[in-house]
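Below is one structure, written out as structure tokens, with a few remarks after it.
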Amino acid sequence: MPTIDLSSSELRDLNATLQAVSDSANDTEFDVLNPRGSHALAVGMTAPVAVTIHGSTGYYCAGMNQNATIQVKGNAGPGVAENMMSGTVVIEGDASQYAGATAHGGLLVIKGNASSRCGISLKGADIVVHGNVGHMSAFMAQAGRMVVCGDAGDALGDSIYEARLYVRGNVKSLGADCVEKEMRPEHLEELTELLASAGSDAKPEEFKRYGSARSLYNFDIDNAGAY
């Protein structure tokens, strides 16, 4: 297992090494030491390899990820897993603003709390937060699923499209066009799978489901104040 120490190696060289890994490479696991809050760490990966980062990261860690499994044994700065296409990203600590923004696919797991705008403009990925999320989370979320095992802040799901939101705790307020929806058997089934994949022992029956009321899909003068 290659070990790369960022106290003595350049971040640019690390990313170049990780991005150059092919599907047939012999090295499939990497350890990264002393990240020291570095920005854009382990971005643009395309091979199905595992990267373990021992410490906290800065902006946009694991951005544009495809196929790789990236674990951060610490906290993550703004934009972790931004525009992720596939693969898995696990944050052992907390995540800052707009975690998983515009993510198209894959799984993002945050074992601590997530700050504001978690899952903003989500486009198909799954996000599971073991703790709480901040205000404006899932803003304009178009597709995908977000699970919050704790509480959600103000304006959850504002201007949401077809993403599914599951929250176990309290929701401070719902955003424009976001409403509570019926939890049917198929939703309990998919939530069970999501919780299991994220290593959470929360019970699906404790969650509520939220989604779009679909009243803002087409412009209506009566709804002008909500746009």
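What follows is calculated from the coordinates using simple rules that are stated; it is not laboratory data. The shown structure was predicted, so the numbers you read here are calculated from the model rather than taken from an experiment. Glycine gets a Cβ as well: all are built from the backbone with ideal geometry, and neighbour counts include every protein chain shown.
Comparison of LEU18, LEU41 shows that the only residue that is closer than 19 Å to GLU92 by Cβ, surrounded by 14 or more Cβ atoms within 10 Å (Cβ to Cβ) and aliphatic (A, V, I, L, M) is LEU41.
GLY87 meets the conditions (1) in contact with a His (Cβ under 8 Å, 6 or more places away or on another chain); (2) more than 17 Å from GLY112 (Cα to Cα) in every case but one. The failed one is (1). Of all the criteria given as (1) closer than 30 Å to LEU122 by Cβ; (2) among the small types (Gly, Ala, Ser); (3) part of a loop (DSSP other than H, G, I, E, B), the one not satisfied by SER24 is (1). Candidates in the range 123-144 are the residues that are outside any loop (DSSP other than H, G, I, E, B) and not aliphatic (A, V, I, L, M); of these, the one that is surrounded by the fewest Cβ atoms within 10 Å (Cβ to Cβ) is GLY124.
The C-beta contact set for the range 192-211 (first residue in contact (Cβ under 8 Å) with a residue 24 or more places away in the chain and within 18 Å of ILE110 (Cα to Cα), second residue in a strand (DSSP E or B) and among the polar types (S, T, N, Q), distance under 9 angstrom, 6+ apart or interchain) comprises SER197/THR88.
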